[in-house]
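K.L.:
Pasting a structure below so you can have a look.
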Amino acid sequence: MTPIPQGRNRSAALASAICALAVTGTVLTGCSEEDPNAGTNGIGRLPAAKIQAKTRTTAESAGAVRVHGNVVSGGRTYALDMRLKDDGGEGSVTSEGTTFQLLRVGEQLFVKADAEFWSHGDGQGEEGEESEADAAAASKLGGKFVKVPQGDPSYKKFSGFTDKGILLDGLLTLHGTLATDGHDEQAGIRTIRITGDKGSGGTLEVSLEGKPYPLRLERAGSAGTLTFSAWGENFSLREPERNETVDYGKQLPTS
């Protein structure tokens with residue numbers, strides 16, 4: 001009998017051995033690539049629309065999350081670093097060079113900032129009366145947790161940054177035609193990327209490990225980039241002590 005079949009078997013065995021040795025991440029010519037969804041939570045095998053729906057549901061059911069990054073809204077850029085859960089949130093917001101802290105415990109909302117944040121007078125009052133009033137108010141409020149009245153226009157504006165449901169609902173939506181756009185990694189975690197209108201409608205990185213949480217979002221129209229972390233990690237919220245708090249009354253001076 002001819003020995004050719006044995007030679008072919010040896011060649012096939014050698015080729016298999018070479019592919020098996022390519023474990024450093026470099027794919028050799030002639031070797032088949034590994035399934036990028038192997039060993040994952042499987043969400044990468046779903047259509048993009050189902051991935052978006054599933055990740056929204058997963059995010060909404062999480063008890064807590066940290067949101068960090070930039071949001072462009074109304075022509076202004078806000079830098080956020082917020083920790084949120086179902087009954088409140090805390091963190092900082094920076095806009096136009098001014099940083100203020102937000103704290104919401106249940107329905108009670110507090111803002112803490114320096115005197116410059118509260119000083120908004122234009123200096124045009126008669127004999128400086130308006131400026132003096134503004135300076136007095138700013139001096140009283142600066143460095144304190146100011147309780148925001150629920151009927152004040154600022155309440156809705158500020159509380160939106162501390163409301164997990166409202167914030168995630170407004171962020172975790174891609175616009176236009178959805179599609180998957182390959183695999184990536186975010187903070188050491190493998191992800192599947194989905195896009196709206198090839199990225200012009202936003203790009204979202206979804207975890208392929210554990211629960212399919214959203215990990216990074218590029219908003220449509222270059223309206224900011226946000227990262228999401230500490231999903232489900234609970235943290236404590238408490239109202240500030242009385243000596244740390246100012247109750248300004250029915251309306252804040254910034255309204």
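The values are calculated or read from the model by the stated rules, or taken from the named source; none is laboratory data. This one's a predicted model, so the numbers in the text were calculated from it and none came from an experiment. Counting neighbours? That spans all protein chains shown, and the Cβs are built from the backbone with ideal geometry, glycine included. Quick note on the areas: whole protein, heavy atoms, side chains included, nothing else; ligands and nucleic acids left out. Shrake-Rupley method; radii C 1.70, N 1.55, O 1.52, S 1.80 Å.
K.L.:
When ranked by the protection proxy of mean other Cβ atoms within 10 Å per residue, highest first, what sequence do the peptides 190-199, 92-101 form?
P.N.:
190-199, 92-101
K.L.:
Considering amide H positions built from the backbone, and no H for Pro or chain starts, which residues 5 or more places from Leu109, or on another chain, come under 5 Å of its amide H?
P.N.:
Those qualifying (amide H under 5 Å, at least 5 residues apart or on another chain) are Val148.
K.L.:
So which lysines can Lys164 reach, going by Cα to Cα under 17 Å and dropping same-chain residues fewer than 8 places off?
P.N.:
Lys85, Lys156
K.L.:
Considering only protein heavy atoms, what is the solvent-accessible area of His68 at a probe of 1.4 Å, reported in Å² to the nearest 10?
P.N.:
Counting only protein heavy atoms, the figure is 80 Å².
K.L.:
Let me ask another. From the square roots a ≥ b ≥ c of the eigenvalues of the alpha-carbon gyration tensor of the stretch 161-255, which class results: rounded (a/c under 1.5), prolate (a/b over b/c), or oblate?
P.N.:
Cα axes put the stretch 161-255 in the oblate bin.
K.L.:
Given +1 on the Cβ of Lys and Arg, -1 on the Cβ of Asp and Glu, and no further charges, what dipole in debye does the stretch 78-231 carry about its Cα centre, rounded to the nearest 20?
P.N.:
Once rounded to the nearest 20, the dipole reads 920 debye.
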